[in-house]
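This report refers to the structure that appears directly beneath it.
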Amino acid sequence: MSEHILSAFDRDLEAVQALVVKMGGLVEEQILESARALEVRDLELAEEIRGRDRAVDELEEKINEEAARLIALRAPAARDLRMALSVIKISASLERVGDYAKNIAKRTQVLSDGPQISGTATAIRRMAGTTEAMLKDALDAYIQRDPKLAADVRERDLEVDQMYNALFREFLTYMMEDPRNITPCMHLHFIAKNIERMGDHATTIAEQVIYLVTGEMPEDARPKSSSVM
């Protein structure tokens, strides 16, 4: 009987994890496409990204419902309970990343009529690509139960912070050079900050993997660059 219950739990958990993987794929795509829409000022794509956010929200709701049902029905203990709770925490981080991608799309629409700030959209796209790679690896670490890969993701958050700080200083320079740059640079700053937050959520997922496998959260502080704002 215990083996039967265990196998049923495993099957149910795999089904919920499949939803997490699907959600992660959608969010990864949202990151890259929101940055692309900004770079080429594709307003149609920006609007599409905003509309897709509902699918991400619905997946989070579904994951929460299924995880709650799994816990109530199977009454898992110890490590199994950690696994069941992890899908709720990871889906919450993914939902926030999706929200940030939607916010980038919104600001892309606002920026479309203003002056272009040379090179900044390309730098933001590069930062988004770095963050998307972090998120992909964090989810791979989760599926593979690979704490080493998760620890690597955690270390790479420093690179995203450094990219954000460099962009912030660049925005300040442009604003001081010409007051007409203030409004677009403020919007671009918020976009860069959104991406920096995405990196934080990828790191949170990586830390969940480490906790899931080892039973302990990392003791050392996250590697962080001194933030300029």
### Task
Scan region 29-49 for residues that are farther than 11 Å from THR108 by Cβ and among the aliphatic types (A, V, I, L, M) and jot them down.
ILE31, LEU32
### Query
Hey, among the residues in region 171-180 that are open to solvent by 20 Å² or more (accessible area, probe 1.4 Å) and either aromatic (Phe, Trp, Tyr) or in contact (Cβ under 8 Å) with a residue 60 or more places away in the chain (or both), which one's farthest from LEU149 (Cα to Cα)?
ARG180
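Here's the yes/no breakdown for (1) farther than 20 Å from GLY199 by Cα; (2) surrounded by fewer than 19 Cβ atoms within 10 Å (Cβ to Cβ); (3) without any contact (Cβ under 8 Å) to a residue 60 or more places away in the chain:
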position: GLY114; (1), (2), (3): yes, yes, no
position: MET127; (1), (2), (3): no, no, no
position: ILE143; (1), (2), (3): no, yes, no
position: ASP161; (1), (2), (3): no, no, no
### Task
Consider VAL40 carefully, then state whether it is among the β-branched types (Val, Ile, Thr) and either open to solvent by 70 Å² or more (accessible area, probe 1.4 Å) or on the phi > 0 side of the Ramachandran plot (or both).
yes
### Message
Under 8 Å between Cβ atoms, which residue pairs at least 6 apart in sequence (or on different chains) link something in region 198-218 that is part of a loop (DSSP other than H, G, I, E, B) with a partner that is open to solvent by 20 Å² or more (accessible area, probe 1.4 Å) and β-branched (Val, Ile, Thr)?
### Response
GLU216/ILE210; MET217/ILE210; PRO218/ILE210
### Query
Which one is surrounded by the most Cβ atoms within 10 Å (Cβ to Cβ), of the residues in region 73-98 that are of a type in the set (Gly, Ala, Ser) and closer than 30 Å to ALA192 by Cβ?
GLY98
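Listed residues ARG79, ARG74, ARG41; which is within 12 Å of VAL16 (Cβ to Cβ), over 22 Å from the mean Cα position of the chain (by Cα) and touching a residue at least 12 places away in the same chain (Cβ under 8 Å)?
One residue alone meets the criteria, ARG74.
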### Query
For region 184-229, what are the residues that are polar (S, T, N, Q), at pLDDT below 95 and open to solvent by 40 Å² or more (accessible area, probe 1.4 Å)?
THR214, SER226, SER227
### Query
Is it true that some residue in region 50-70 is at pLDDT 95 or above, open to solvent by less than 70 Å² (accessible area, probe 1.4 Å) and in contact with a Ser or Thr (Cβ under 6 Å, 6 or more places away or on another chain)?
yes
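Rundown of residues vs (1) closer than 15 Å to MET127 by Cβ; (2) touching a helix residue (DSSP H, G or I) at 6+ places or on another chain (Cβ under 8 Å), yes/no style:
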{"site": "MET176", "(1), (2)": "no, no"}
{"site": "PRO184", "(1), (2)": "no, yes"}
{"site": "PHE190", "(1), (2)": "yes, yes"}
{"site": "LYS193", "(1), (2)": "yes, yes"}
{"site": "MET198", "(1), (2)": "yes, yes"}
{"site": "ILE205", "(1), (2)": "no, yes"}
{"site": "VAL209", "(1), (2)": "no, yes"}
{"site": "GLY215", "(1), (2)": "no, yes"}
### Criterion: under 25 Å from VAL21 (Cβ atoms), open to solvent by 30 Å² or more (accessible area, probe 1.4 Å) and within 11 Å of the chain's Cα centre (by Cα) - qualifying residue of ALA101, ALA151, ALA133, ALA138
ALA133
### Failed criterion for VAL110 (all others in (1) closer than 23 Å to ILE63 by Cα; (2) modelled with pLDDT under 95 hold)
(1)
### Query
For LYS89, are the conditions met, namely being in contact with a Lys or Arg (Cβ under 6 Å, 6 or more places away or on another chain) and under 16 Å from HIS201 (Cα atoms)?
no
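The values are calculated or read from the model by the stated rules, or taken from the named source; none is laboratory data. Values in this document were obtained by computation on a predicted structure and should not be read as measured data. A quick note on method: Cβ atoms are made from the backbone with ideal geometry, for glycine too, and the neighbour counts reach across all protein chains shown. We work out accessible area using only protein heavy atoms, side chains counted, and drop any ligands, DNA or RNA first. Shrake-Rupley method; radii C 1.70, N 1.55, O 1.52, S 1.80 Å.
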